[in-house]
Amino acid sequence: MDMTSVRAVLLDMDGTLVDSDASVERAWTTWSAEHGLDPADVLAIVHGSPPAPTVRRLLPALDDAAVAASAQRQMDLQYDDIADVVAAPGAPELLAALDRLGVPWAVVTSADVRLAEARLGAAGIEPPLLVTVEDVRRGKPDPEGFRIAAARLGVDPEACLVVEDSEPGLASGRAAGMRTAALRGLDGDLRITDLAQLAHLLERACVRPWWCDAVGYQVYLPSFADSTGDGWGDLAGVTAHLDHLVRLGVDVVWLTPFFVSPMRDHGYDIADLRAVDPRFGGEEALDELLDQAHRRGLRVLGDLVVNHTSDAHPWFVAAASSRTDPRRDYYIWRDPALDGGPPNNWLSHFGGPAWTSSPGTGQYYLHLFRPEQPDLNWRNPAVVAEVDAVLEHWFARGLDGFRVDTAAYLLKHPDLPDNPAAERPFVVAGVTEAWKNQEHRYDIHQPDVHAIHERWRRVADRHDALLVGEVYELDPVALARYVGAERLHSSFWFGLVESGWDPRRIVTMLDAAAAASPELAWVQSNHDRMRAVTRYGGGRLGRRRAMALHAVTSLLPGTMWLYQGEELGLEDGQVPDGAGADPLGTAEPGQSRDGARTPMPWRPGPGLGFTTGRPWLPDGDRTEAETAAAQAVDPGSPLATLTRLLRTRRAVAHRLADPRVSRVDRGAGITAYRRDGLEVLVALGDGPTEEIALPAPAVFDTDDAAVTPGRPRTGRVRLAAQQALLLVHP
């Protein structure tokens, strides 16, 4: 749903803006007893409709006078019961956001003016416009009340957003020609968990570009959720868990490849760039996921894998058939060396030469990854045009952008010279030792790759779509050259992904990265590397260290990204010898990525809620405490803590207009960053800090759930090891 065109917000009162359900239900329960009716039957239909039509429906034998008297009795019961009426969750945040944005709003209720003013007053809410049952001839689901509100505000009905928690109210809004936002899991143009989420979406609609300061979440499709019981994650499984991502505080979801594939590299070997693999649910499953995600205000990215294709792709099948086939130059072919071996010394990430002989044509083809993943020839204009068309296809289908796989690998030196030996081994995981010992001067990171990114940028910008690169450049200054006004919108910075726990080194790297560009994507884990909690020492210590860095990266400009399971504080799962599936692990067991890819633990029991069948990869020996269900009811869990952090970040995000970040000296043992009106204090060491006076109120504390924007912490504080605070300056 396009939130940029919302010009007014029209809110229902009971259950939407005001938490009065208990009061309403007590009144109707008493009324039911007086009339000998089952309260359960009555309560099933009362929400959203005025008393008189409800009484007439429940007691059809009554005449008009008796209906009016009975409805008045019901209202009298409600007048006498407002003691526990309060503002609904997120109401203060929404009303503050509407005020900041200058968006007019009104309350449209089935209550009379006396009851409405009493309940709104008890909740501390004074609406600029109140439309009650006295203002209309017919109540909800008739649209009259919403039309009156739009007319009095001077806003076209099509530009109004109706917020409701009942089917009659939503029907009323739709009949008025307005878009709807639905609470309680009901179906509207937008489905929201609470009013704070709506506040966030309205404010983010004013942010340009839309991914600025967003929170991203990587879904590794095979391991996220299986909806069919075949043990393999799929798109319908993601759809079923979208509300988990919304409650967490996610804005954008990146899906690993869902295209048709032989699955020799779990989807990163694509045989059809324009089709959804049936094993992931097919085309309809993707359409449903996109529809449901967009209804929740989520954006969705695909995974653009075009350095190579599968050897089963029709392009390669044709290219390998003959030296004269029109598709031959879609790939990189060379004659054997004089000794009959590979044309040069380039190596595959997964071990052995980066060349495989094609007996049918007597030449070698290049593959920087597996032999089943031949590299495309990006110096062929036909390949460039083909991928342009792929981008246009998926943007038209509803994708909001792409993560670009191996974004700096596309072009190779045209002469394909040998790579020299490295003076120092390349310090990066996820490749073989032999690959680390070459200087990759000619096979990757060629300077003319920027022209391809610039071309894609022009395509993406026509669709308001995001391109975030996977560029394995750890020097943030060099990485910044890949992003900017005409290149990729953003790029992952992998400094933290490639780091163990070394606070001094981490701070030095963060300082450099934050200064290099405001368009970087901050990430601690992904499907290609050991999980952060494991790298940081494992167990409770590793979880605290990872959470401390989440607090830091939440303040940095750009986009903060989470890898599935990171919100649960997961370590690498245990995969028994012989039970792995990673091709890199087959070539070099010490580099296996299977531990980071074990299935997502949703709930206790067989299959951990991931599948009802046998999972494609062992479940990692997860415990009940590691499941999302267990953590959802534990206020001290990683899930609860990260959710608090992201909710607090949303509540104060309007204070982050300036992307510049500065280090602040707050005393020994404290690392502090300030950006605009916000500041994060963190103790990255393994002992407590000295006591300091807080320079501003703390609105988030990793170690104290009682600290919130509504209940800030002030005074003096001594930070425990890995404790982090978020402060708001006046």
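The values are calculated or read from the model by the stated rules, or taken from the named source; none is laboratory data. Please read these numbers as outputs of a predicted model, since none were measured by experiment. Reconstructed Cβ throughout: ideal geometry from the backbone, glycine too, with neighbour counts over all protein chains shown.
Just a few scattered comments:
- Subset of region 671-699 (residues that are surrounded by fewer than 16 Cβ atoms within 10 Å (Cβ to Cβ) and either at pLDDT below 95 or not aliphatic (A, V, I, L, M) (or both)): Asp686, Gly687, Pro688, Glu690, Glu691, Pro695
- Considering Ser23, Ser32, the condition of being modelled with pLDDT of 85 or more, in contact with a helix residue (DSSP H, G or I) (Cβ under 9 Å, 6 or more places away or on another chain), not in a loop (DSSP other than H, G, I, E, B) and not basic (Lys, Arg) is satisfied by Ser32 alone.
- Selected residue (only one of Val131, Val85, Val155 is buried (at least 18 other Cβ atoms within 10 Å of the Cβ), farther than 19 Å from Pro53 by Cβ, aliphatic (A, V, I, L, M) and more than 33 Å from the chain's Cα centre (by Cα)): Val85
- Figure legend. Inter-residue proximity from region 437-463: first residues over 20 Å from Leu304 (Cα atoms), second residues of a type in the set (Gly, Ala, Ser), beta-carbon distance below 6 Å, spacing 6+ or different chains. Indicated pairs: Asn437/Ala422; Gln438/Ala422; Glu439/Ala422.
- Restricting the search to strands (runs of 3 or more DSSP E) fully inside region 352-420 and requiring at least 2 residues that are of a type outside the set (S, T, N, Q) gives 363-366, 401-404.
- Of the residues screened, Arg119 is not one that is closer than 22 Å to Arg179 by Cα and of a type outside the set (Val, Ile, Thr).
- Residue, nearest to the chain's Cα centre (by Cα), within region 651-679, restricted to residues that are in a helix (DSSP H, G or I) and under 11 Å from Leu555 (Cα atoms): Ala653
- Residue list for region 648-665, filter: more than 13 Å from Ala551 (Cα to Cα) and touching a Pro at 6+ places or on another chain (Cβ under 7 Å): Ala651, Val652, Pro659, Val661
- Per-region count, region 267-305, residues part of a loop (DSSP other than H, G, I, E, B) and under 20 Å from Gly398 (Cβ atoms): 8
- Restricting Thr256, Thr228, Thr180 to those that are under 20 Å from the mean Cα position of the chain (by Cα) and of a type outside the set (A, V, I, L, M, F, W, C) reduces the list to Thr256.
- Of the candidates Arg504, Arg481, Arg540, Arg531, the single residue that is out of contact with any strand residue (DSSP E or B) (no Cβ under 9 Å at 6 or more places or on another chain) and within 21 Å of Glu567 (Cβ to Cβ) is Arg540.
- Number of positions in region 331-350 that are in contact (Cβ under 8 Å) with a residue 24 or more places away in the chain and not in a strand (DSSP E or B): 10
- Filter pass, Leu411 being out of contact with any Pro (no Cβ under 8 Å at 6 or more places or on another chain) and in contact (Cβ under 8 Å) with a residue 24 or more places away in the chain: yes
- Candidate set: region 700-718, residues that are within 30 Å of the chain's Cα centre (by Cα) and closer than 27 Å to Met509 by Cβ; chosen: the one surrounded by the most Cβ atoms within 10 Å (Cβ to Cβ): Phe700
- Meets criteria (at pLDDT below 85, outside the structural domain of Gly154 (by TED's automatic domain parsing), hydrophobic (A, V, I, L, M, F, W, C) and surrounded by 19 or more Cβ atoms within 10 Å (Cβ to Cβ)) for Val55: no
- Only one entry in Arg279, Arg296 is out of contact with any Asp or Glu (no Cβ under 6 Å at 6 or more places or on another chain), closer than 29 Å to Arg184 by Cα and surrounded by 18 or more Cβ atoms within 10 Å (Cβ to Cβ), namely Arg296.
- Options Leu98, Leu115: the member that is part of a helix (DSSP H, G or I), on the phi < 0 side of the Ramachandran plot, modelled with pLDDT under 95 and surrounded by 15 or more Cβ atoms within 10 Å (Cβ to Cβ): Leu115
- Only a single item in (1) assigned to a loop (DSSP other than H, G, I, E, B); (2) more than 21 Å from Asp265 (Cβ to Cβ) is not met by Ala581, and it is number (2).
- Hits in region 283-309 - residues which are farther than 21 Å from Asp251 by Cβ and either without any contact (Cβ under 8 Å) to a residue 40 or more places away in the chain or basic (Lys, Arg) (or both): Glu283, Glu284
- Filter pass, Arg614 being of a type in the set (Lys, Arg), more than 25 Å from the chain's Cα centre (by Cα) and not in a helix (DSSP H, G or I): yes
- Restricting attention to region 171-189, the residues being within 19 Å of Gln292 (Cα to Cα), touching a residue at least 60 places away in the same chain (Cβ under 8 Å) and touching a Ser or Thr at 6+ places or on another chain (Cβ under 7 Å) number 3.
- Evaluation of Ala551 against the conditions (1) of a type in the set (A, V, I, L, M, F, W, C); (2) within 24 Å of Glu470 (Cβ to Cβ); (3) within 20 Å of the chain's Cα centre (by Cα) shows that the sole unmet condition is (2).
- Among all positions in region 426-446, there is no residue which is basic (Lys, Arg) and in contact with an Asp or Glu (Cβ under 9 Å, 6 or more places away or on another chain).
- Only one entry in Leu186, Leu195 is within 19 Å of Leu94 (Cβ to Cβ), surrounded by fewer than 21 Cβ atoms within 10 Å (Cβ to Cβ) and of a type in the set (A, V, I, L, M), namely Leu186.
- Members of region 125-142 that are closer than 26 Å to Leu201 by Cβ and at pLDDT below 95: Lys140, Pro141
- Filtered residues of region 158-176 (kept if touching a Lys or Arg at 6+ places or on another chain (Cβ under 8 Å), crowded, with 18+ Cβ neighbours inside 10 Å and part of a helix (DSSP H, G or I)): Pro168, Gly169, Ser172, Gly173
- Among the numbered conditions (1) in a helix (DSSP H, G or I); (2) closer than 20 Å to Trp501 by Cβ; (3) touching a helix residue (DSSP H, G or I) at 6+ places or on another chain (Cβ under 8 Å); (4) touching a residue at least 60 places away in the same chain (Cβ under 8 Å), the only one that Arg544 does not meet is (3).
- The listed residue being among the β-branched types (Val, Ile, Thr) and out of contact with any strand residue (DSSP E or B) (no Cβ under 6 Å at 6 or more places or on another chain), out of Val162, Val155, Val133, Val108: Val133
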